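Right, one structure below, let's go through it.
The values are calculated or read from the model by the stated rules, or taken from the named source; none is laboratory data. Predicted model, so just to flag it, every value in this text is computed and none were measured. Cβ: placed from backbone, ideal geometry, glycine included. Neighbour counts: every protein chain shown. Keep in mind that these areas ignore ligands, DNA and RNA; they rest on the heavy atoms of the full protein, side chains included. Shrake-Rupley method; radii C 1.70, N 1.55, O 1.52, S 1.80 Å.
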Amino acid sequence: MSAAILRCRVVQPGALSTVQDLGRFGYQRFGIGPAGVMDRTAYREANWLLGNPTGAAVLEMTLSGAKLEFLSAGRCAITGADMAASLNGAPAPRSRAFDVAAGDVLQFGLVRNGLRAYLAFGGGIDVPEVMGSRSTNLRCRLGGFMGRALTAGDELVALPDAGGEPRELPPHIYQPEIELRYVPGPQQDMFDAAAYQVFDNTAYVVSPQSDRMGCRLDGGNLPTGAGTDIVSDGIAFGSVQVANSGQPIVLLADRQTTGGYAKIGTVLSLDLPLLAQALPGTKVRFRPVRAEDI
Amino acid sequence: MTGGAMNSDLAAQLLPVGDSALLVGFGRLVDEAVNDRVRALCDAVLAAAPAWLEDVVPAYASLLVCLRPGSVSLARAREEIAALLAALPAQTAAERRVWAIPVCYKGEFAPDMADMERLCGLAAAEIVRLHSGRDYKIYMLGFLPGFAYLGGLDERLHAPRLETPRVKIPAGSVGIGGAQTGVYPLDSPGGWRLIGQTPVSLYDPERAEPIFYQAGDYVRFLPITAGEFAALTADVAAGRWQPQLVKAGDTL
């Protein structure tokens, strides 16, 4: 049997649906941010369920999902947030590979749990690799599907899918209160003990002004003393930048490559998916860990 | 405090950034010699190309080295970077690359020139002479694709940013903000005072090298007329334009 190639048409795009892979690396030194999926755990799971190659591109949907009509048969997997997906009106499986046929309609709704859902196709989404990645960089209008979020009428095509045995995982259940472990620094010396005291003991709330670039946290600004301006340096995924106002912002996939504000700490990579799935209003606490103990 | 590995490079500190990155800090000064160390280490890390390397982000006085999560322990990566640091040559004898950036400093291309004349107490011709009359070193790229942080703006041209930033500045605009000068590679909001515009594309994702210069290179702004601007714009649109290096014999 020849490998199947899945095709579908976007009937409704959802609030923000972009093609992403792990990110575009090797160009940050030219000022091009990596973009990539926000929730690497859900991303890996979606590709694992289908036996896709590591690095296959998926669709990331934020807050509300897409409505897709399939033009040919293939395999799909849904991970991450629960957007009440339905296949031809019946509930579609989460965290389990399933088949679709030409004419099937897969519809995602408003998010019920979590924030970002991932839809993978057997073989992975076929968009051109730009600078080594299929990720959409919205800021640079680069990569992914024509450098932009999906709109109605777009047609997505998958790479050839050799098929695979059915795989299943337990779906995630995202909590309204999360704890993020972080390593203090790299500008630890710009924050005194009082600032860390506040940071470690505040129940922050995810602000509605959060996006793929960063997660803003409300609930108490940090004492910043002489300010937080630094000579600009590189920013890692999950670094917590503190502006002069004292508000912490966790910098995420669409972060700028460099920035001029001090970072009080950096969230552990294993905990970042929790933040990627945190709806505005989610309570966030930070717990320091020593780099030596990781 | 952080267990930063010290080595022969006494000024360098290796700081953990979460569990998947290390920041090699060379102090907090904007200084040419410091920046040269950053670049030398960046080159060394890229040349060593360890399997765990995800990316590097060189800045004024630091190098962020990002690891592929789960592929290596921080301690191991730190040892490898410390070894590269210890083996860095004291001086890099790289050839000096100077890129020619044609700029039209006139009329519609220089909307803030009149303000600059007033703020600096200089005639436009003198502003152009001072701005184009030297090579600027690229300390780092960041903020936007291909946005170069340049060192060496003449003090007489330092000028405060606009009180209210513009919502949209056209790609290629050349501006001055405080003690810095630079070129906007993309249409972007911004608060720098605009004294000219280049017709060449500093960032072109379709080009084999989307950004043709790198940190450590120099740029020189070459004044052109509006007519030359139009001709170059046509060349760029037709794909006939290629990035140009200033030749060794060229004088300022």
Between chains B and A, the summed loss of accessible surface on complex formation, probed at 1.4 Å and reported to the nearest 100 square angstrom, is 3200 Å²
When the solvent-accessible surface of protein heavy atoms is calculated with a 1.4 angstrom probe, in what order do B:Trp52, A:Trp48 fall, highest first? A:Trp48, B:Trp52
Computed [θ] at 222 nm, helices only, for chain B once each DSSP H run of length n ≥ 4 contributes -39500 (n - 2.57): -7000 deg cm²/dmol
Between helix A:40-50 and chain A, what is the angle of the helix's C-alpha long axis to the longest principal axis, kept within 0 to 90° and rounded to the nearest 10? 20 degrees
Defining a contact as two alpha carbons under 8 Å apart and six or more residues distant in sequence, what relative contact order in percent does the range A:74-153 show? 28 percent
Pick from B:Ser62, B:Ser73, B:Ser201: which is most flexible by mean-square fluctuation in a GNM of chain B where alpha carbon atoms under 10 Å apart are linked? B:Ser73
For the protein assembly as shown, report the % of Cα-Cα distances exceeding 35 Å. 42 percent
Note every residue of the range B:20-43 with a reduction of at least 40 square angstrom in accessible area, all protein chains present versus the isolated chain, computed with a 1.4 Å probe, or write none. B:Leu23, B:Arg28
Going by a 1.4 Å probe on protein heavy atoms, which residues of the range A:254-294 end up with at least 50 Å² less accessible surface in the whole assembly than in their chain alone? A:Thr258, A:Ser269
Chain-alone versus full-assembly comparison, the range B:61-78, residues with accessible loss of at least 30 Å² (1.4 Å probe): B:Leu64, B:Pro69
Using a 1.4 angstrom probe on the protein heavy atoms only, line up A:Tyr261, B:Tyr105 by accessible area, largest first. A:Tyr261, B:Tyr105
Taking the Cα centre of the protein assembly as shown as origin, sum charge times position over the Cβ atoms of Lys and Arg (+1) and Asp and Glu (-1), and report the length of that vector in debye to the nearest 20. 400 debye
Build a GNM of chain B with springs between Cα atoms under 10 Å: which of B:Ala49, B:Ala12, B:Ala110 gets the top mean-square fluctuation? B:Ala49
Under the helix-only model (-39500 (n - 2.57) for each DSSP H run of 4 or more, divided by the residues of chain A), the mean residue ellipticity at 222 nm, to 500 deg cm²/dmol, is -2500 deg cm²/dmol
Could you state the accessible area per residue of the protein assembly as shown in Å², with a 1.4 Å probe and every protein chain left in place? 41 Å²
Once neighbouring chains are kept in place and the probe is 1.4 Å, which whole percent of the accessible area of the protein assembly as shown is contributed by carbon and sulfur? 54 percent
Using a 10 angstrom cutoff on alpha carbons, build the Gaussian network for chain B and name the most mobile of B:Arg68, B:Arg193, B:Arg97. B:Arg68
Which residues does a label at A:Asp200 reach in the range A:249-293, if reach means a backbone N under 15 Å from a point 7 Å past the Cα toward the Cβ? A:264-266, A:285-293
Between A:Leu110 and B:Ala75, what is the spin-label point distance in nm, taking each point 7 Å from the Cα along the Cα→C-beta axis? 5.0 nm
